[in-house]
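The numbers here are math on the coordinates, done by the rules we state, and not lab data. Predicted model only: the values in this text are computed from it and were never measured. Neighbour counts run over all protein chains shown; Cβ positions are idealised from the backbone, glycine included.
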Amino acid sequence: MDLRDISSPSALLRNLQGELAHATALSEYEAWWEREGKAISAAHDRAGTPWLKMFNVFGKRIDEVQCAPEYWKMLREGYTTGVIWRAMKEQSLKSSFRLGYICSFYDAGLFCPYTVSLSTLLPLSKYGTEDVKARFISNMLREDETAWQGATWMTEAGGGSDLGSYVETVARREGDHWMLSGDKYFTSNAVADVAVVAARPEGAPKGVRGLALYLVPKRRENGELNYGIRRIKDKIATRSVFTGEIELRNSEGYLLGNPEHGIYHILEVLNCSRVCNAIGSVGLMQRALADAIAFAQGRVAFSKPICEHPLLRQQIQERIVALEEAHALAWESVLLFDEVWKETPPYSDRFNLFRIVVHLAKYWTAELAVQTAKWCMEVHGGMGTLAEYGVERWLREAMILAIWEGPPHRQILDGIEAMERKGAHRLLFEHLAPGAEGRELGEMVRRVESHLTLPTDQREAHSEPIFRDLARFAGKALAQKMR
Ligand SMILES: Cc1cc2nc3c(=O)[nH]c(=O)nc-3n(C[C@H](O)[C@H](O)[C@H](O)COP(=O)(O)OP(=O)(O)OC[C@H]3O[C@@H](n4cnc5c(N)ncnc54)[C@H](O)[C@@H]3O)c2cc1C
């Protein structure tokens with residue numbers, strides 16, 4: 001790959017994906033980031049946690065997040081360019097993900113508001129009643145600066161991995177809508193206009209089977225606030241998305257889909273966010289690599305630029321290959337998602353293939369993003385640890401990419417489950433065969449099949465190495481297919 005392509009996200013997309021639809025919009029979005037967005041994003045990160053103004057001067061609850069006006073400009077640039085509206089207009093998600101990739105190169109945290117907006121729009125368009133769709137969708141699809149934002153709130157204080165045990169929010173039916181009460185502990189894009197929320201309909205059984213998905217707007221029908229923001233989290237990074245805690249108190253909500261399929265609807269939301277996370281991780285990875293290369297070309301040690309020393313030269317080449325393979329894996333999750341996102345349960349084999357690919361992609365790209373960001377700091381030597389040069393930020397951002405939307409263990413165990421129950425590994429191997437080297441493919445098939453015969457405890461205990469190798473293998477085979 002041409003090194004110049006590494007320094008530009010749209011050039012890398014073109015290089016790896018060929019001729020792009022809406023290439024001008026992508027280049028213009030990138031040019032905007034270079035011209036204005038970069039500086040806004042850096043200042044916003046440095047400013048730290050914003051302030052939550054809970055009351056107006058008359059003591060009325062308003063719950064507004066206060067930060068520099070440039071932040072809202074940066075946020076709105078993505079919405080007007082079409083990170084959300086293009087998905088419905090084009091009935092394809094590819095443009096959203098390409099714009100998300102460019103955004104993530106500059107600010108992976110900012111891709112989160114767009115991610116959760118898309119993850120709200122899709123279930124709303126699939127499972128909302130005609131009345132609910134008429135009331136909310138057009139607001140989310142506005143092409144100007146007034147487009148409504150979405151959010152996806154599942155996690156409560158007890159924990160995010162085990163939603164079945166810890167979602168205590170209850171939904172009580174009242175006429176054509178529901179009233180939700182409970183507390184959500186991690187709520188990204190707390191300033192959203194409408195959110196999808198996991199809750200338990202009154203009287204529903206315990207466990208994941210008793211959960212349903214609701215659409216909850218920020219304002220009640222009478223215009224009053226529908227929920228409160230208790231506080232904004234003070235976190236290490238992804239400051240371009242406001243993560244808060246939300247109090248639902250008899251908050252008006254609308255059931256999405258069939259409550260008996262609630263857990264499937266919730267997992268569809270998570271899977272959309274995982275595709276976004278994979279794209280965001282690769283965007284960040286490219287950025288860290290670009291910054292490392294630029295520094296290594298200018299920094300001189302032992303009489304020559306450090307990038308010309310054999311050890312570093314080799315590391316750079318290996319990182320470029322890893323970037324291509326991670327990109328191929330993440331992009332495959334986009335292409336498959338684009339095929340299956342309209343499916344409803346029971347799902348097809350194509351959906352099961354998507355499931356295994358998205359677990360591999362979410363897991364592996366986030367791990368690589370962390371490793372690449374750490375290496376980028378090391379390439380900068382001591383400078384890498386200084387906030388003024390910006391690269392320490394990529395490691396802070398990457399650490400969160402690995403945890404939200406389900407930490408590594410969740411991706412691994414859910415991926416293994418898809419193999420056991422749905423034979424997803426066989427679908428995957430068939431899919432990868434055109435790009436895979438025959439002997440390597442045979443060896444991978446043998447290892448996975450034999451792993452699946454282990455007793456449950458051992459299968460779980462030893463699942464990480466095999467899942468990691470499968471992800472690497474998939475990325476390599478898919479990159480080969482793309483070349
Ligand atoms: C910045 C940020 C924003 C977030 N935004 C949102 C949001 O908008 N909406 C939302 O719903 N959630 C959000 N989350 C929550 C996020 O999805 C959870 O943090 C994540 O799912 C993990 O849940 P947890 O933090 O409760 O950890 P736990 O579930 O308590 O897990 C703790 C540790 O135990 C491990 N573990 C758990 N079970 C097992 C097992 N069976 N085997 C092996 N290891 C296991 C986990 O991997 C993890 O390492 C956000 C989180 C962060 C950090």
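Compute the semi-axes of the equivalent ellipsoid of region 152-260, taking the square root of 5 times each eigenvalue of the Cα gyration tensor, and list them largest first in whole Å.
22, 18, 10
If we sort 11-24, 68-81 on the protection proxy, mean other Cβ atoms within 10 Å, highest first, what's the order?
Peptide ranking by packing, descending: 68-81, 11-24.
Which one, His309, Ala278, Val321, is farthest towards the positive end of the dipole of region 193-352 when Lys and Arg carry +1 and Asp and Glu -1 on their Cβ?
Value: His309.
Quick one: work out the % antiparallel among DSSP beta bridges in the chain, nearest 5.
Expressed as a percentage, antiparallel bridges in the chain total about 90.
Counting Lys and Arg as +1 and Asp and Glu as -1, what is the net charge of the other residues whose Cβ lies under 14 Å from the Cβ of Asp183?
It works out to a net charge of +2.
Any idea what Rg and Dmax come out to for region 138-204 if you just take the C-alpha atoms, in Å?
Just the Cα atoms of region 138-204 yield Rg and Dmax of 14.0, 43 Å.
Compactness ratio of the chain: Cα Rg over 2.2 N^0.38 Å, N = residue count?
0.97
Could you put Ile102, Ile236 in order, starting from the residue whose Cβ has the fewest other Cβ atoms within 10 Å?
Listing Ile102, Ile236 from fewest to most nearby Cβ atoms yields Ile236, Ile102.
List, in order, the whole-Hz ³J(HN,Hα) value for each residue of region 58-64 obtained from phi through the Karplus relation with A = 6.51, B = -1.76, C = 1.60 and θ = phi - 60°; use x for Gly and Pro.
Running phi through 6.51 cos²θ - 1.76 cosθ + 1.60 with θ = phi - 60° gives 9, x, 8, 5, 10, 6, 10 Hz.
Using the charge dipole of region 50-205 (Lys, Arg: +1 at Cβ; Asp, Glu: -1 at Cβ; taken about the Cα centre), state which of Val196, Ala171, Gly158 has its Cα farthest towards the positive end.
Of Val196, Ala171, Gly158, it is Val196.
Could you tell me which of Pro434, Trp51, Leu335 has its Cα farthest along the dipole of the chain towards the positive end, charges placed at Cβ (Lys, Arg +1; Asp, Glu -1), taken about the Cα centre?
Trp51
Extension gain Asn139-Leu3, at 0.36 nm per residue separation less the Cα-Cα distance, in nm?
44.8 nm
Convert each backbone phi in region 443-455 into a coupling constant with the Karplus relation 6.51 cos²θ - 1.76 cosθ + 1.60 (shift: θ = phi - 60°), then list the ³J(HN,Hα) values in order as whole Hz, x for Gly and Pro.
So the Karplus estimates, Gly and Pro as x, are 5, 5, 4, 4, 5, 5, 4, 5, 4, 5, 8, 5, x Hz.
Under the Karplus relation 6.51 cos²θ - 1.76 cosθ + 1.60, θ = phi - 60°, what is the ordered set of whole-Hz ³J(HN,Hα) values for region 126-134, x standing for Gly and Pro?
8, 10, x, 5, 4, 4, 5, 4, 4
Name the lysines eligible as straight-distance cross-link partners of Lys422: C-alpha to C-alpha under 21 Å, and not fewer than 8 places from it in the same chain.
Correct list for Lys422: Lys342, Lys362.
Find how many whole Å separate the alpha carbon centroid of region 248-277 from the alpha carbon centroid of region 285-311.
Each part's Cα centre sits 45 Å from the other's.
When Tyr389, Tyr254, Tyr114 are ordered from fewest to most other Cβ atoms inside 10 Å of their Cβ, what list results?
With the fewest neighbours first, Tyr389, Tyr254, Tyr114 line up as Tyr389, Tyr254, Tyr114.
As a footprinting exposure proxy, order Trp331, Trp32 by other Cβ within 10 Å, with the fewest listed first.
Final ranking by Cβ density, sparse to dense: Trp32, Trp331.
Given a Förster distance of 35 angstrom, what is the FRET efficiency for Asp176 paired with Trp72, based on the Cβ-Cβ distance and rounded to 0.05?
0.55
What FRET efficiency, computed as 1/(1 + (r/R0)^6) with R0 = 22 Å and r the Cβ-Cβ distance, is obtained for Glu224 and Thr80, rounded to the nearest 0.05?
0.15
Can you work out the FRET efficiency for the pair Glu460 and Asn15, with r the C-beta to C-beta distance and R0 = 30 Å, to the nearest 0.05?
Efficiency, from the Cβ-Cβ distance: 0.15.
Computed over the Cα atoms of region 304-355, what is the ratio Rg over Rh, Rh following Kirkwood?
1.37
To the nearest 20 Debye, how big is the dipole of region 152-260 about its Cα centre, given +1 on the beta carbon of each Lys and Arg and -1 on that of each Asp and Glu?
280 debye
Give me the dipole magnitude in Debye, nearest 20, for region 5-83 about the Cα centre, with unit charges on the beta carbon: positive for Lys and Arg, negative for Asp and Glu.
440 debye
Show the residues, 5+ positions off or on another chain, whose built amide H is closer than 5 Å to the amide H of Gln149.
Those lying under 5 Å, H to H, from Gln149 are Asp193, Val194.
Taking the mean number of other Cβ atoms within 10 Å as a proxy for protection, how do you rank 346-352, 287-293, 299-305 from highest to lowest?
287-293, 346-352, 299-305
If a/c stays under 1.5 just call it rounded; otherwise compare a/b with b/c (prolate if a/b is bigger, oblate if not). Do that for region 1-145, with a ≥ b ≥ c from the square roots of the Cα gyration tensor eigenvalues.
It comes out oblate by the Cα gyration axes.
Place a +1 charge on the Cβ of each Lys and Arg in the chain and a -1 charge on the Cβ of each Asp and Glu, then give the dipole magnitude about the Cα centre in debye, rounded to the nearest 20.
260 debye
Rg(Cα) of region 345-483 divided by 2.2 N^0.38 Å?
Taking N as the residue count of region 345-483, the ratio is 1.20.
Under the rule a/c < 1.5 gives rounded, and otherwise a/b versus b/c splits prolate from oblate, where does region 212-271 land using the Cα gyration tensor?
Oblate is the answer for region 212-271, as a/c is 1.5 or above yet b/c matches or exceeds a/b.
Could you state the number of Å between the C-alpha centres of region 1-52 and region 332-386?
Computed from Cα coordinates, the inter-centre distance equals 19 Å.
Tell me the net charge near Ile306. Cut-off is 13 Å between Cβ atoms, Ile306 excluded, with +1 for each Lys or Arg and -1 for each Asp or Glu.
Around Ile306, the surrounding residues sum to +1.
What nm value, rounded to one decimal, do you get for the distance between Lys38 and Asp469 when each label is placed 7 Å out toward the C-beta?
That separation, rounded to one decimal, is 4.2 nm.
Note down the nm distance, to one decimal, between modelled labels 7 Å out along Cα→Cβ at Ser161 and at Gln297.
Between Ser161 and Gln297, the simple spin-label model gives 4.3 nm.
So which GluC sites (Glu not before Pro) in region 133-224 end up in coil per DSSP with only 16 or fewer other C-beta atoms within 10 Å?
In loop regions of region 133-224 (DSSP not H, G, I, E or B), the sparsely surrounded GluC sites (Glu not before Pro) are Glu143, Glu145, Glu168, Glu202, Glu221, Glu224.
In whole Å, how far is the Cα centre of region 193-246 from that of region 419-483?
Cα centroid of region 193-246 versus Cα centroid of region 419-483: 37 Å apart.
Under 20 Å between alpha carbons, and skipping anything fewer than 8 positions from Lys38 in its own chain: which lysines qualify?
Lys73
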